[in-house]
1. Where in segment 376-482 are there helices (runs of 4 or more DSSP H), lying wholly inside it, with at least 1 residues that are open to solvent by 30 Å² or more (accessible area, probe 1.4 Å) and under 20 Å from TYR98 (Cα atoms)?
2. Show me the strands (runs of 3 or more DSSP E) entirely contained within segment 143-220 in which 2 or more residues are open to solvent by less than 20 Å² (accessible area, probe 1.4 Å), closer than 25 Å to ALA278 by Cβ and of a type in the set (A, V, I, L, M).
3. When the residues of segment 39-56 are filtered to those that are part of a loop (DSSP other than H, G, I, E, B) and surrounded by 11 or more Cβ atoms within 10 Å (Cβ to Cβ), which remaining residue is modelled with the highest pLDDT?
4. Cβ-Cβ under 6 Å, sequence separation 6+ or interchain: first residue in segment 100-117 and in a loop (DSSP other than H, G, I, E, B), partner modelled with pLDDT of 75 or more. Which pairs?
5. Taking the residues in segment 485-542 that are in a loop (DSSP other than H, G, I, E, B) and hydroxyl-bearing (Ser, Thr, Tyr) as candidates, determine which candidate is surrounded by the fewest Cβ atoms within 10 Å (Cβ to Cβ).
6. In segment 3-38, what count of residues is obtained for those that are open to solvent by 70 Å² or more (accessible area, probe 1.4 Å) and either more than 53 Å from the chain's Cα centre (by Cα) or among the aromatic types (Phe, Trp, Tyr) (or both)?
7. Would it be correct to say that LEU173 is in contact with a Cys (Cβ under 6 Å, 6 or more places away or on another chain) and aliphatic (A, V, I, L, M)?
8. I'd like the full set of residues that are assigned to a helix (DSSP H, G or I) and crowded, with 16+ Cβ neighbours inside 10 Å, limited to segment 57-68.
Amino acid sequence: MLPSRYWPFAACLLLTIAFGYAVTLTPIAGWGLAIFGGLSLLGTWDLLQRKQALRRNFPVTAHFRYGLESIGPEIRQYFIESDTVELPFSRQQRAIIYQRAKDVLDKRPFGTQRDVYGDKYEWMNHSLQPTRIDSHDFRITIGEGRAQPYSASVFNISAMSFGSLSANAIRALNQGAKLGGFYHDTGEGSISRYHREHGGDLVWEIGSGYFGCRNAEGGFDEEKFRINACDPQVKMIELKLSQGAKPGQGGILPAAKVSAEIAAARGVPQGVECHSPAAHSAFSTPVELLQFIDRLRTLSGGKPTGFKLAIGHPWEWFAIAKAMKQTGILPDFIVVDGGEGGTGAAPLEFTDHVGAPMREALLLVHNTLVGLDLRSKIRIGAAGKIVTAFDIARTLALGADWVNAARGFMFALGCIQSQSCHTDRCPTGIATQDPNRQAALDPDGKAVRVANFHRNTLAALKELLAAAGLRHPLEIGPEHIIRRVSSTEVRALAKLHHFVPPGQLLEAVPEHPVFQVFWDQARAESFSPPAKASEMQASKQQ
């Protein structure tokens with residue numbers, strides 16, 4: 001007896017024979033012959049191939065399983081998941097971005113959808129004396145005292161490279177930044193011609209591949225750097241030590257993807273495999289890192305220069321901080337990238353389990369600088385799933401001066417969270433180099449949406465600040481944000497987290513586990529693990 005798993009295939013064969021006979025009677029039966037004849041051929045090939053056991057056991061029907069699996073994420077996020085499930089971004093988060101980008105009504109009726117008595121629910125306390133704020137154009141000065149300080153918006157476009165994003169996406173983002181008066185981080189893929197078309201403010205990110213300032217061997221080229229850095233459109237220089245999407249990992253751009261445009265932007269040969277190492281070659285110690293930053297600042301003509309990192313081993317960050325105090329060489333800013341991941345595709349283990357989340361990382365950097373009496377001299381930016389005004393407020397309350405967003409601005413461009421960024425088949429033409437797919441993205445129209453999203457989000461931030469009795473985002477502190485820790489207990493962030501008093505690290509080690517374990521053992525001269533960590537590693541060999 002024929003096993004039941006073969007019945008669909010057998011049915012296709014019988015229907016092919018039936019429609020083959022019927023086509024002699026009526027031409028319209030040709031459609032049935034074509035459909036079931038094609039399925040019969042597919043089922044025959046399933047039985048003959050030896051690569052996939054599922055197809056051999058379930059000819060024809062196995063393909064329905066593959067089809068449903070391929071649209072599983074869309075089925076879940078559109079039909080199954082609730083509006084507030086943030087995996088990675090909830091429907092509610094996406095909806096507010098789309099509405100603000102389109103400049104349409106972004107209000108919600110009938111109360112919150114969130115469980116206000118559930119653990120981790122957060123809110124911002126309001127004042128009985130609200131303030132009146134005239135403008136939502138909140139700005140901070142970065143590099144104060146330098147030759148070319150920069151007045152930055154508190155909300156900007158985070159690093160996304162040309163190559164990861166399409167030409168039309170880069171055009172739209174930069175034009176949107178120009179319209180809205182905020183900056184556009186280039187990502188480590190350097191400055192392409194699409195970044196330059198509309199003249200929006202740029203932060204030039206330099207990674208370990210030194211794209212845009214690279215010699216033939218892949219090392220740093222001083223003259224090439226100087227030419228790009230002195231471009232008036234470039235407002236700040238950001239040295240990337242690591243990123244939240246895949247901290248501690250380099251990358252390879254296959255030769256087939258190194259087009260003429262990408263080669264020109266990165267300063268690499270066209271059609272040749274392009275390597276981005278996991279570590280920098282221009283420095284190898286914390287002191288050398290700071291000396292390199294100072295060198296970049298001088299070559300750029302005194303533009304604000306700093307670095308971006310995702311926090312990993314705490315002793316490595318402490319070593320950099322000690323090097324600052326020891327040498328007196330300070331970055332103008334530090335951008336803390338959270339391990340929540342970002343637009344860059346990465347192995348599952350890196351996405352889920354490598355790098356400190358943004359809140360813990362930000363607190364560590366902020367506390368360290370406060371403890372060394374350096375906080376007032378160094379600005380801190382932060383990035384990690386920031387899409388709403390409350391996200392901005394909470395991040396600033398934890399110690400940041402400004403925030404960046406990548407995926408939020410991708411949603412403003414029309415991203416539907418298909419999670420196909422790494423396949424070159426992005427359905428909205430954002431994360432692809434396919435000329436036909438990206439042609440569907442209208443840069444001029446999307447640029448307006450980018451500017452709208454920025455403006456409306458900051459307008460919402462202005463209303464939050466006014467309700468809390470504040471006048472500028474820099475006034476937000478951890479005492480303003482409250483988090484529920486159980487059904488019967490709530491805590492202000494000021495009480496929930498440990499905050500180091502100013503200058504304490506100059507006198508004693510704070511009562512904080514990470515500082516207690518690693519601060520004294522960190523050295524400005526080396527990124528190497530402290531003795532305690534080495535002893536624990538060695539214990540496995542005994």
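1. 389-397, 407-413, 443-467
2. By residue number, 202-206.
3. GLN49
4. From residues that are in a loop (DSSP other than H, G, I, E, B), the pairs are ASP103/ASN452; ASP106/ILE96; ASP106/GLN99; ASP106/ARG100; TYR117/SER487.
5. Among those that are in a loop (DSSP other than H, G, I, E, B) and hydroxyl-bearing (Ser, Thr, Tyr), it is THR488.
6. 9
7. Criteria not met by LEU173.
8. THR61, ALA62, HIS63, listed by residue number.
The values are calculated or read from the model by the stated rules, or taken from the named source; none is laboratory data. Quantities reported herein were computed from a predicted structural model and do not represent experimental measurements. Ideal geometry is used to build each Cβ from the backbone, glycine not excepted, and the neighbour counts take in all protein chains shown. Accessible surface areas use protein heavy atoms only, side chains included; no ligands, DNA or RNA. Shrake-Rupley method; radii C 1.70, N 1.55, O 1.52, S 1.80 Å.
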